[in-house]
1. In whole angstrom, how far apart do the alpha carbon centroids of the range A:232-310 and the range A:122-155 sit?
2. Translational diffusion coefficient of the range A:214-323 at 37 °C, 0.692 mPa s, Stokes-Einstein with Kirkwood Rh over Cα pairs, in µm²/s as a whole number.
3. Please report the Cα spread of the range A:5-136 along all three principal axes, rounded to whole Å, starting with the longest.
4. For the protein assembly as shown, give the share of DSSP beta bridges that are antiparallel, in percent and rounded to the nearest 5; count only bridges with both residues there.
5. Quick one: which residues, 5 or more positions from A:Arg304 or on another chain, have an amide H under 5 Å from its amide H? H modelled 1.01 Å from N in the peptide plane, none for Pro or chain starts.
6. Please list, in chain and number order, the residues 5+ apart from A:Ser268 or on another chain whose amide H is under 5 Å from its amide H, with Hs placed from the backbone.
7. Across peptide A:425-438, how many C-beta atoms of other chains are within 10 Å of each residue C-beta, on average?
8. Placing +1 on the Cβ of each Lys and Arg and -1 on the Cβ of each Asp and Glu in the range A:1-88, which of A:Leu45, A:Gly22, A:Leu6 has its Cα farthest towards the positive end of the resulting dipole?
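Please treat every number below as a calculation from the coordinates, not as lab data. What you see is a predicted model, and the numbers here were worked out from it, not measured in a lab. Glycine also receives a Cβ, built like all others from the backbone with ideal geometry; neighbour counts cover every protein chain displayed.
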Amino acid sequence: MNAKTLYDKLWDSHVVRQEADGTALIYIDRHLVHEVTSPQAFEGLKLARRKPWRTGSMLAVPDHNVPTTHRAAGIADPISRIQVETLDANCAEFGVVEFKMNDIRQGIVHVIGPEQGATLPGMTVVCGDSHTSTHGAFAALAHGIGTSEVEHVMATQCLVAKKSKAMLVKVEGALGKGVTAKDVALAVIGTIGTAGGTGYAIEFAGSAIRALSMEGRMTLCNMAIEAGARAGMVAADETTLAYIKGRPFAPQGEQWDKAVAYWRTLHSDAGAQFDAVVELDAAGIRPQVTWGTSPEMVTSIDGRVPDPASAPDAVRRSDWERALAYMDLKANTPIGEIRIDKVFIGSCTNGRIEDMRAAAAVARGRKVAANVKLAMVVPGSGLVKAQAEKEGLDKVFIEAGFEWRDPGCSMCLAMNDDRLEPGERCAATSNRNFEGRQGQGGRTHLVSPAMAAAAAIAGHFIDVSKE
Amino acid sequence: MRKFELLDGLVVPLDRANVDTDAIIPKQFLKSIKRSGFGPNAFDEWRYLDHGEPGMDNGKRPLNKEFVLNQPRYQGAQILLVRENFGCGSSREHAPWALEDYGFRVIIAPSFADIFFNNCFKNGLLPIRLDADKVDALFKAVEANVGYKLKVDLGLQAITAPDGTVYKFEVDAFRKHCLLNGLDDIGLTLQHVEDIKAFEAKHRAAQPWLFA
Ligand code: SF4
């Protein structure tokens, strides 16, 4: 009867107060901050003459607006520049640790937290950014919050929250050749839909998940939000511990041993009850490609663009019709026949060193197709970039005709100069294919890094598992 | 925060599912460091025919006459009627800021994305979940009747249609209390400073590495 889920354990260990209506005050261990969703929160704090409760819990970085070229010259767009300068000024004023734009540790907030060991098992982690779910890969309770909540966490170290339901997504078996965590994430979303996880915290488990590296687990948890769940998580195991050990913010010595003893308890107990269980067979997952304007509009590389006539209901039929019109695709077109104009490899989903390696392995010794106008690789952080350069991956990309950029969100959401022009079609390793996401009128197909690199070389989508 | 008690408001039907936050307020407007002024750019890519950027005179931009918000019969609408999974995507609070600044006070949908749903309450917006068949009935009624209004009573948790049909809805007691009274929840939480400090001391003793 006392069997708890991982989510129960994380939740229970952070309840400061429980109210009768089910809402609770939850203590927050780590608050990550970036330039887009924090200025109004800092301003609110100042207007109310409040101070941050515990600045030591905060770690700030500019990532959304930063340019990915000629960074030494500063930010050309004055509005973007003001936003980044506002973050700098706020962090300086309140004594918040910030990795500034030209710091080698700068990068996408969800890449740098784990990279620094600032994300640890057992923590509650929040950030004014929906992809905070990424950090759940460390057996942490991590989710995105709005700006009012950013201010609330700054002022009180707590969040007013209500416990979600728990969903178990179990993936058993071995993934096939060329099939990655990204394909698992897209397959899960294709199965349960973009609202399938709404109201739930998802735990990913099963032998296929245990076999993933930490980076793969981060990719998977990153996209829990695309399945509608604010939080995704994976139990702590030896892979988790090995990844964290020795990172700058990680505990050391005696503290490390104490921490590890606790972290080993961070898994769902045998017999723990979930409100929903979804099972997938790893061997059945093929490389995925989205065809529409929502991540659930996805099929495998062997598939075809669906026919709206076969949609399960009228609302979805009109959604599919609108998506096909926006994407300029005809029903029943084989995915492998879709030609692309641009390629984007990066983002908090797939901007880590293993992603760089996977893409470089495909690109090595080959050339980007003539019809591809731009293929860019944007490492997730300065340290990822440095590591990739140490391994010579930058040269592999550059020789193949890719651009090798500076770290940031870049064309994942196109707040800086990296964007699609109207009508351009892009193979992207990011997480959202919404209308206009990568630039007004731009058409995004979500894929894994290896699939994106293969599409860059072929000029159209191609099955990387047959390469 | 602005209080919400009662509203007798014009309804505009936006017949789409999975409306995401990029559609509600495109990212170029997120560069602002302010909380206000996003209303003219709500649904920017659907509302205007040209590409919008911050600082443009929106009054001079070409309107997409097809888009429902631009139709004369829906001017001044305060209630937005939409399909499922409204507000999916990013955590940007600019989305509720834009909707509130546009003039909306209530959003009715079969379902909402979690973070967006939460953000609404912090900004004086009331998101209401109704069963899909009821939402469908409302879509038909709005489209059939020019000037269709609904009465929303948060205290009673009820929506009353012109034909007298009453739709009850659920809302958390705490959120209802805050919205009815226009309360800032930071102030409310700080009433529990002692609880937070006590928890923190215990937490620090158990996991000191979190406080290094
Ligand atoms: S990379 Fe994309 S999804 Fe990730 S934080 Fe940046 S903008 Fe958001």
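1. So the two Cα centres are separated by 17 Å.
2. My calculation gives 183 µm²/s for D.
3. Principal extents (Cα only, largest first): 53, 34, 22 Å.
4. Once the DSSP bridges in the protein assembly as shown are tallied, antiparallel ones form about 35 percent.
5. Those qualifying (amide H under 5 Å, at least 5 residues apart or on another chain) are A:Ile335.
6. Result for A:Ser268 returns A:Leu6.
7. What the average comes to for A:425-438 is 3.
8. A:Leu45
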